[in-house]
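Worksheet: the structure to be examined is printed underneath.
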Amino acid sequence: MSSNQSNQAFKCCFIFKRIFKLRVSEPPEDIKQLFQDYSEGGNMTVEDLLRFMKEVQEEENATTEEAQNIFNSLKHLFIFHRRGFHLDAFFRYLLGDLNLPISSNVHHDMTAPLAHYFLFTGHNSYLTGNQLSSDSSVVPIIHALHRGVRVIELDLWPNTKKNDVKVCHGGTLTSPVDLIKCLRAIKDNAFVASEFPVVITFEDHLTPNLQEKVAQMVTKVFGDMLHQSGHLDEFPSPESLKKKVLISTKPPEEYLKAGDSKEKGKLQKLKSSSNKDDPKIEKSYYRNESDITDKDQLDDEEYMEEVDEDKAAPEYRKLIAIHAMKLKGGLEKILRNIDPYKVSRLSMSEQQLENAVDNNLGADIVKFTQRNLLRVYPKGTRITSSNYNPFVGWGHGAQMVAFNMQGTGKHLRIMQGMFRANGGCGYVKKPDFLLRRHLMDQSEVKITLKVKIYLGEGWHYDFHRTHFDRFSPPDFFAKVAIAGVKADTKKEITNTISDQWVPEWNEEFEFPLCVPELALLRIEVFDYDDSRTHDFAGQTCLPVSELRSGIRAVPLHDQEGDQYKYTRLLVRFQFE
């Protein structure tokens, strides 16, 4: 470690102070050796750097101009050393923003039909918290769009006077927000993070006259941004739909089949089974008993049979760019009798998808999603807005794996990691094997990823010195894991580095991968605590298929997915 150190004092037992040296990150031995190999006399020229970029970083198409730009960005570090990089400047380049692990540019083919992409999809996008009693607001919608989410879900209900439309989770204590406010928020923020199309899925519980009012609102708010179409034999491409808004919905059932005793029975069963031990939740979940007579409010879509669009208001029907499929005859019949002349969207819950896969319908689902859209949503009992394993959906070609974007958690970080791919535009091209007829073989290792964690830095800038421990610097360790299909799942843990703000691990791990196209690399850093839960200190999740080989600067994020300003790791990625 460098001798360039400063002191940090920590009070101990409120009587005396413990003094710790605050170390400044210094190049590990691997970096020193590489600098020696690619420089001469302590100087690395532009030509030397270019050779390093091509041979070590495996940037075969790197140019002299790119190497020169790196030099220019760091010239303040070698102002008295004009012939080229010295070691510290080279090290700063490796840890800098010009050396990130994945590309920030859109680089997938965006001209294929919409069904050939995974879409960053939200569920109940208006909720600020849990599914029972949180507020409905435009704020989470705006937040999601700024993160690159491309599919926003709005639940449409009549207001108490039946003369206007509100957005809320029906039959719960969630407060409503006006539909017009949601539409305006979407218009103003739709293309801040990405210019590729935004899909609005309406869960519609409206009478025809209110549908007509929605049609007027949508048309007025979006104007030329709105993409309208009749039934299609193939979806258009994301490229052709840039800066367009598409409506996807199905007509209501409540006012067409009011008082359906079968639906009531299903609702009562779910209600009693999900909260039978918690009368407080049961009471708060339903505003009144009339809510039960319509349908299952816990899980809007799971028990709702599709009906003819012809029964909806004509102006409303014209809005629909992505038509909902009619759930008639059972899932197996739908999957095995695909209409070759019409494409649609089908929705199913996470549990329905798992059941279908367990019943040997996996290959049929893959075939279905090669032309049609499949939306998977959280089961209704996830009242805390938790999420589920998205790989079941992705592994079978489901384009819209809908997530609750509120809160934190492993699966939400995985979702964010998946959509860091392709420049974070919200659309990720599906692997080729999902566009063929068969599921991919998960028994054969296709590639091995080697990950070497060198060191980390920046915590003492992003966190207060007593954030992790009142009496000493943190004791950092890292978890390095693969999320993906079951065969690829693996986790490793580094040693713990005691009392250091700049931990140096120098540990390498290997991950054999059977389906690298769907694999995500997860790295989490914690402050070790032997008496309670380890303190969170940063995380990232990165698509393996997008990783750039070589030594890279890996920024860390907080629990919600926002990137820290300074905190990052130095990591080497190699593929064999």
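The values are calculated or read from the model by the stated rules, or taken from the named source; none is laboratory data. Everything numeric in this text was worked out from a predicted model, so none of it was measured. So basically every Cβ, Gly included, is an ideal-geometry build from the backbone, and we count neighbours across all protein chains shown. Quick note on the areas: whole protein, heavy atoms, side chains included, nothing else; ligands and nucleic acids left out. Shrake-Rupley method; radii C 1.70, N 1.55, O 1.52, S 1.80 Å.
Before moving on, here are some points about what is shown:
- Test: Lys479 is open to solvent by 50 Å² or more (accessible area, probe 1.4 Å), out of contact with any His (no Cβ under 9 Å at 6 or more places or on another chain), assigned to a strand (DSSP E or B) and not polar (S, T, N, Q): yes
- The set of residues in the stretch 354-384 being among the charged types (D, E, K, R) and assigned to a helix (DSSP H, G or I) consists of Glu354, Asp358, Asp364, Lys367.
- The residue that is most open to solvent (accessible area, probe 1.4 Å), among those in the stretch 500-523 that are under 24 Å from Ile31 (Cα atoms) and outside any strand (DSSP E or B), is Gln500.
- Scanning the stretch 420-437 turns up at least one residue that is closer than 29 Å to Lys367 by Cβ, touching a His at 6+ places or on another chain (Cβ under 8 Å), touching a residue at least 12 places away in the same chain (Cβ under 8 Å) and among the basic types (Lys, Arg).
- Test: Ser104 is part of a loop (DSSP other than H, G, I, E, B), open to solvent by 70 Å² or more (accessible area, probe 1.4 Å) and small (Gly, Ala, Ser): yes
- Test: Pro503 is over 29 Å from the mean Cα position of the chain (by Cα) and not hydroxyl-bearing (Ser, Thr, Tyr): no
- Residue check for Val554: of a type in the set (A, V, I, L, M), assigned to a strand (DSSP E or B), surrounded by 18 or more Cβ atoms within 10 Å (Cβ to Cβ) and touching a residue at least 40 places away in the same chain (Cβ under 8 Å): yes
- Exclusive hit being open to solvent by 10 Å² or more (accessible area, probe 1.4 Å), of a type in the set (A, V, I, L, M, F, W, C) and more than 22 Å from Lys32 (Cβ to Cβ), set Val139, Val56: Val139
- Answer residue from the stretch 107-135, given it is at pLDDT below 95 and in contact with a Leu (Cβ under 7 Å, 6 or more places away or on another chain) and is most open to solvent (accessible area, probe 1.4 Å) among those: Ser133
- Qualifying residues in the stretch 140-181 (those that are among the basic types (Lys, Arg) and not in a loop (DSSP other than H, G, I, E, B)) - the one nearest to the chain's Cα centre (by Cα): Lys181
- Search result, residues across the stretch 439-456 that are crowded, with 18+ Cβ neighbours inside 10 Å and touching a Pro at 6+ places or on another chain (Cβ under 7 Å): Tyr454, Leu455, Gly456
- Listed by position, the helices (runs of 4 or more DSSP H) enclosed by the stretch 192-304 that each have at least 3 residues that are open to solvent by less than 10 Å² (accessible area, probe 1.4 Å) and modelled with pLDDT of 90 or more are 208-222.
- Applying a threshold of 9 Å to beta carbon distances and a minimum spacing of six or more residues, or different chains, the list of pairs starting in the stretch 457-475 at a residue that is within 13 Å of Tyr566 (Cβ to Cβ) and surrounded by fewer than 19 Cβ atoms within 10 Å (Cβ to Cβ) and ending at one that is among the basic types (Lys, Arg) and modelled with pLDDT of 90 or more reads Tyr461/Lys565; Asp462/Lys565.
- Summed over the stretch 343-396, residues that are in contact with a strand residue (DSSP E or B) (Cβ under 8 Å, 6 or more places away or on another chain), open to solvent by less than 30 Å² (accessible area, probe 1.4 Å) and more than 18 Å from Thr121 (Cα to Cα) total 4.
- The single residue among Tyr341, Tyr316 that is more than 18 Å from Ala115 (Cβ to Cβ) and among the hydroxyl-bearing types (Ser, Thr, Tyr) turns out to be Tyr316.
- All positions within the stretch 142-158 that are open to solvent by less than 10 Å² (accessible area, probe 1.4 Å) and in contact with a strand residue (DSSP E or B) (Cβ under 6 Å, 6 or more places away or on another chain): Ala144, Val149, Arg150, Val151, Ile152, Glu153, Leu154, Asp155, Leu156
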